[in-house]
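Visitor: Please see the structure below; I have some questions.
The values are calculated or read from the model by the stated rules, or taken from the named source; none is laboratory data. What you see is a predicted model, and the numbers here were worked out from it, not measured in a lab. Note: ideal-geometry Cβ built from the backbone for every residue, glycine included; neighbour counts use all protein chains shown. Areas reflect the complete protein model, heavy atoms only, side chains present, ligands, DNA and RNA absent. Shrake-Rupley method; radii C 1.70, N 1.55, O 1.52, S 1.80 Å.
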Amino acid sequence: MFLGVEIGGTKLQVGVGRGDDAKLIALERAEVNPAQGAVGILNQIERMALPLARKHRARGVGIGFGGPVDVRTGRVVKSHHIAGWTDFPLVEWCARALNLPAVLANDADTAGLAEARFGAGRGRDPVFYVTVGTGIGGGLIVGGKIYSGSGVGAAELGHLRPGLQSEQPEQNLESLAAGWGIAAAAQARLAGPMSFRLDEVRSGKRPRKPEDVRQRLIEVEEADEEDVADLLNRCDARPEQLTTKIVGQAAHDGNRIAQDVLRHAWQALGWGIAQAITLTSPQIVVIGGGVSLLGDELFFAPVRKQIERYVFPPFTGKYQVVPAALGEEMVIFGALALAADAATQ
């Protein structure tokens with residue numbers, strides 16, 4: 001048996017399994033307190049993992065970490081969410097605290113490995129995995145193994161910078177299509193001045209007289225005001241409480257501001273995934289994460305359309321884009337697989 005550990009910005013999971021399937025013997029979950037930093041999470045891991053390791057006679061530990069890691073040295077590069085992880089020797093810590101050999105990978109990579117071996121990508125090669133949630137991550141699985149490039153990560157989809165004008169690291173795909181980016185875009189639409197959408201002005205019968213044009217602009221402004229009022233009502237007049245889930249429900253109900261926000265996000269995400277397909281030519285793209293739970297109509301169908309818009313034309317029809325299949329435990333399944341692989345080397 002092996003231990004699998006998922007370390008995220010908001011949750012911690014420790015599971016026990018064989019590492020050769022999508023089954024768990026035991027699983028424990030805990031919330032992460034960001035104020036306690038890395039030390040608090042390490043203490044939680046020790047409290048949760050030691051009893052499980054002893055009870056099930058674990059032979060090793062696989063870790064999926066929510067941030068960039070150096071798989072060659074077993075060190076965390078940094079965390080974008082929790083302080084105290086920069087250049088932390090996590091594999092060495094596990095060997096000392098848990099008295100077990102450990103192997104470390106990025107959480108999107110471990111999730112991708114699980115989906116490739118046991119989930120939606122099973123039997124396909126290569127598999128490109130995308131997680132769209134609080135952030136956007138990617139993992140490329142080739143020959144059933146994680147492609148890590150030079151060792152400090154690869155397939156960092158969320159950190160692509162759309163356009164030559166995106167010179168700063170924060171001007172990336174996450175800022176446009178991750179959960180927080182979508183919420184921020186909706187908040188900006190509520191806080192900023194009303195703007196007329198050209199497609200709205202052009203829709204229907206085109207006015208020919210100046211007074212007809214003025215009337216059409218008034219109608220568009222009134223419609224915008226109705227959509228703003230609807231969004232404010234959904235978040236109790238507190239724009240900072242807007243979430244992707246709220247925006248998605250509003251879009252489903254016909255709110256045009258919400259539909260615009262999602263349309264722009266999916267255009268950016270489709271562009272990013274199309275670049276990954278153009279570079280790696282996977283047989284299948286598996287998408288998971290909380291934002292993808294908006295479903296086929298609101299998420300997968302429009303994202304597929306945008307991918308086709310931007311992908312290298314000869315690759316059109318050579319890949320599939322499908323939902324992830326393994327649920328909340330996918331990182332644990334991948335971490336267990338890593339530990340099992342390491343034990344046989």
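Visitor: Please work out the FRET efficiency for the pair Lys305 and Ala325, using the Cβ-Cβ distance as r and a Förster radius of 22 Å; give the result to the nearest 0.05. Working shown, then result.
Guide: Details: r = 22 Å, r/R0 = 1.02.
Efficiency, rounded to the nearest 0.05: 0.45.
Visitor: Grab the DSSP H runs of the chain that are 4 residues or longer, score each as -39,500 (n - 2.57), total them, divide by all residues and round the 222 nm result to the nearest 500 deg cm²/dmol.
Guide: Numbers: 11 runs with 146 residues, N = 345.
Calculated mean residue ellipticity at 222 nm is -13500 deg cm²/dmol.
Visitor: Let me check against my output: what whole-number percent is the relative contact order of the chain, with C-alpha pairs under 8 Å and at least 6 apart?
Guide: On the way: 687 pairs, mean separation 75.8, N = 345.
Dividing the mean separation by the residue count of the chain yields 22 percent.
Visitor: I want the antiparallel fraction of DSSP beta bridges within region 1-111, as a percent rounded to 5. Write down the numbers at each step before the final one.
Guide: Numbers: 15 of 25 bridges.
Here the share of antiparallel DSSP bridges comes out near 60 percent.
Visitor: Let me ask something else. Rounded to the nearest whole Å², what accessible area per residue is found for region 245-345 with the 1.4 Å probe?
Guide: Details: 4450 Å² over 101 residues.
Each residue of region 245-345 exposes 44 Å² on average to a 1.4 Å probe.
Visitor: Which residue, Gly123, Gln13, Leu242, has the largest displacement toward the positive end of the dipole of the chain when charges sit on each Cβ (Lys, Arg +1; Asp, Glu -1)?
Guide: Gly123
Visitor: Modelling each spin label as a point 7 Å along the Cα-to-Cβ direction, I'd like the Thr316/Leu232 distance in nm, to one decimal.
Guide: Placing both labels 7 Å along Cα→Cβ, they lie 4.4 nm apart.
Visitor: Which of the peptides 243-252, 61-70 is most tightly packed, and how do the rest follow, judged by the mean count of other Cβ atoms within 10 Å per residue?
Guide: On the way: 243-252: 19.9, 61-70: 25.3.
Those peptides, ordered most packed to least, come out 61-70, 243-252.
Visitor: Among Ala343, Pro282, Val331, whose Cα lies farthest out toward the positive end of the dipole of region 260-345, if unit charges sit on the beta carbon of Lys, Arg (+1) and Asp, Glu (-1)?
Guide: So the residue furthest toward the plus end is Pro282.
Visitor: Which pairs in the list Lys55/Lys78; Lys145/Lys245; Lys11/Lys245; Lys23/Lys145; Lys23/Lys305 are over 29 Å apart, alpha-carbon to alpha-carbon? Show your work: numbers first, answer last.
Guide: On the way: Lys55/Lys78 32 Å; Lys145/Lys245 33 Å; Lys11/Lys245 19 Å; Lys23/Lys145 19 Å; Lys23/Lys305 34 Å.
In this structure, Lys55/Lys78; Lys145/Lys245; Lys23/Lys305 lie more than 29 Å apart at Cα.
Visitor: Related question: With the full set of protein chains in place, find how many percent of the accessible area of region 29-98 is carbon and sulfur; take the probe as 1.4 Å. Don't jump to the answer; show the numbers that get you there.
Guide: Values: 1800 of 3690 Å².
Summing carbon and sulfur atoms, their accessible area is 49 percent of the total for region 29-98.
Visitor: Sticking with this one: Say each of Ala343 and Trp180 gets a label point 7 Å from the Cα, pointing the same way as Cα to Cβ; how far apart are those two points in nm?
Guide: Going from the Ala343 label point to the Trp180 one covers 3.7 nm.
Visitor: With +1 assigned to the C-beta of every Lys and Arg and -1 to the C-beta of every Asp and Glu, and no other charges, what is the dipole magnitude of the chain about the Cα centre in debye, to the nearest 20? List each step's numbers first, then the result.
Guide: Values: 36 positive and 39 negative charges, 187 e Å.
Its charge dipole is roughly 900 debye.
Visitor: While we're looking at this one, here's another question. Ranked from highest to lowest mean number of other Cβ atoms within 10 Å per residue, what is the order of the peptides 274-281, 327-334?
Guide: Values: 274-281: 17.1, 327-334: 24.9.
Result, highest mean first: 327-334, 274-281.
Visitor: Continuing with the same structure: Calculate, for Ala26 and Thr73, the FRET efficiency according to 1/(1 + (r/R0)^6) with r their C-beta to C-beta distance and R0 30 Å; round to the nearest 0.05. Walk me through the numbers on the way to the answer.
Guide: On the way: r = 30 Å, r/R0 = 0.99.
Result of the calculation: an efficiency of 0.50.
Visitor: Also: Which order, highest average first, do 33-44, 179-190 follow once you tally other Cβ atoms within 10 Å for each residue and take the mean per peptide?
Guide: Values: 33-44: 15.0, 179-190: 19.9.
So the order, starting with the most tightly packed, is 179-190, 33-44.
Visitor: Determine the gain in length on full extension of the stretch Glu170-Asp296; use 0.36 nm per residue of separation and subtract their C-alpha separation, reporting nm with one decimal. Mind showing how you got there, number by number?
Guide: Numbers: separation 126, 0.36 × 126 = 45.36 nm, distance 2.89 nm.
42.5 nm is the gain from fully extending Glu170 to Asp296.
Visitor: Next question, about the same structure. Take every Cα-Cα distance within the chain, group them into 10 Å bins from 0 onward, and report for each bin the whole-number percent of pairs it holds.
Guide: Pair shares across the bins are 5, 24, 29, 22, 12, 5, 2, 1, 0.
Visitor: Taking the Cβ of Gly272 as the center, what net charge do the other residues with Cβ under 13 Å away carry, scoring Lys and Arg +1 and Asp and Glu -1? The partial results should precede the final answer.
Guide: Working: positive: Arg161, Arg309; negative: Glu156, Glu174.
Once positives and negatives cancel, what remains is 0.
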